[in-house]
Every structure is written in structure tokens, then in C-alpha cells.
Amino acid sequence: VNVDVKLGVNKFFVDEGNPHIEIAENPSLQEYAKLEAACPAGLYRRDEKGAVRFDYAGCLECGTCRILCGKTIVKRWEYPNGTFGVEFRYG
Ligand code: SF4
């Protein structure tokens, strides 16, 4: 079983409207590319026009983005509140 299949069985309880991660509005794209490459959930994306698109839903709470860009792009990084966030299932 590959990693994508394993990740696919996790459940997410998304705290709509209350992001646990917030990023800078116009990040350096060079810096952003690190996050595109490193986020295991692929949440740091760019649209067809090249604009930055980040969605906290689907976050695995690994902390990689905070460690890489916590002083540049990632302005806020908290664990989700209470019962929200990822539920790992290890399929
Ligand atoms: Fe991606 Fe991990 Fe950051 Fe969540 S904590 S957005 S999974 S790098």
C-alpha cells in the first residue's frame, strides 16, 4: 500500500472559518516553492495563473511548514481546536 492510499484513509474534522494555519498574503515565490515541495499533504499549491493557493483543510499537523517557513510565510501555526483536525487511521 503506498503513502497516498494510506493518507487517503485519514479523516479530517475541519474547523470551517477558523484556520489553524495562516500564511503571508504575498509570499516570495522562491520561498513558497519550498512549501510546495515539502508539505506531505500537498496543501501549498498555485493556480493556473501562478497565484498562491493554500487550504488548511487536509493538514496532517506535521509542522514541516512551520519549521521551513515559520519566520517568512507561515504567520500562524497552531494545532486545531478541541475535536478538530486530522484523525490518523493508518490504512
Ligand atoms: Fe502541510 Fe504539515 Fe504544514 Fe500541515 S503542518 S500544512 S501537512 S506541512
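The values are calculated or read from the model by the stated rules, or taken from the named source; none is laboratory data. Just so it is clear, the model here is predicted, and its values are computed rather than measured. Neighbour counts run over all protein chains shown; Cβ positions are idealised from the backbone, glycine included. Heavy atoms of the whole protein, side chains included, go into the accessibility calculation; ligands, DNA and RNA do not. Shrake-Rupley method; radii C 1.70, N 1.55, O 1.52, S 1.80 Å.
Between Phe88 and Glu31, what is the spin-label point distance in nm, taking each point 7 Å from the Cα along the Cα→C-beta axis?
About 2.9 nm, to one decimal.
Determine the per residue accessible area of the chain with all protein chains present and a 1.4 angstrom probe, expressed in square angstrom. Intermediate results must be reported in sequence, preceding the final value.
Numbers: 6140 Å² over 91 residues.
Roughly 67 Å² per residue, with all protein chains present.
Which shape class applies to the range 3-87: rounded if a/c is under 1.5, otherwise prolate when a/b exceeds b/c and oblate if not, where a ≥ b ≥ c are the square roots of the Cα gyration tensor eigenvalues? Provide the component values of the computation, followed by the final result.
Working: a/c = 1.74, a/b = 1.38, b/c = 1.27.
Taking the square roots of the gyration eigenvalues as a ≥ b ≥ c, the range 3-87 is prolate.
Would any residue of the range 71-90 have its amide N under 13 Å from a label point 7 Å out along Cα→Cβ of Glu16? List them or say none.
The answer is none.
Rounded to the nearest 20 Debye, what is the dipole magnitude of the chain about its Cα centre when Lys and Arg each give +1 and Asp and Glu each give -1 at the C-beta?
I would put it at about 240 debye.
Please give me the summed charge of the neighbours of Ala33: other residues whose Cβ is under 13 Å from its Cβ, Lys and Arg +1, Asp and Glu -1.
That works out to +1.
Any aspartates and glutamates with Cα under 19 Å of the Lys75 Cα? List them, leaving off those in the same chain fewer than 8 positions away.
Hits, sequence-local ones excluded: Asp15, Glu16, Glu22, Glu25, Glu31, Glu36, Asp55, Glu61.
When the accessible area of the range 3-87 is computed with all protein chains present and a 1.4 Å probe, what percentage of it is carbon and sulfur? Intermediate values should be presented prior to the final figure.
Values: 2690 of 5460 Å².
The value for the range 3-87 is 49 percent carbon and sulfur by accessible area.
Would you work out which of Tyr56, Ala38, Asn10 lies farthest towards the positive end of the dipole of the chain, given +1 charges on the beta-carbon of Lys and Arg and -1 on that of Asp and Glu, about the Cα centre?
Positive-end residue among those listed: Ala38.
Which FRET efficiency value, to the nearest 0.05, do you get for Val1 and Tyr79 by plugging their Cβ-Cβ distance into 1/(1 + (r/R0)^6) with R0 = 25 Å?
E(calc), rounded to 0.05, equals 0.35.
By how many degrees, 0 to 90 and rounded to 10, does the Cα axis of helix 29-38 deviate from the longest principal axis of the chain?
20
Normalised by the residues of the chain, what does the relative contact order come to in percent, with Cα pairs under 8 Å and at least six apart?
Result for the chain is 49 percent.
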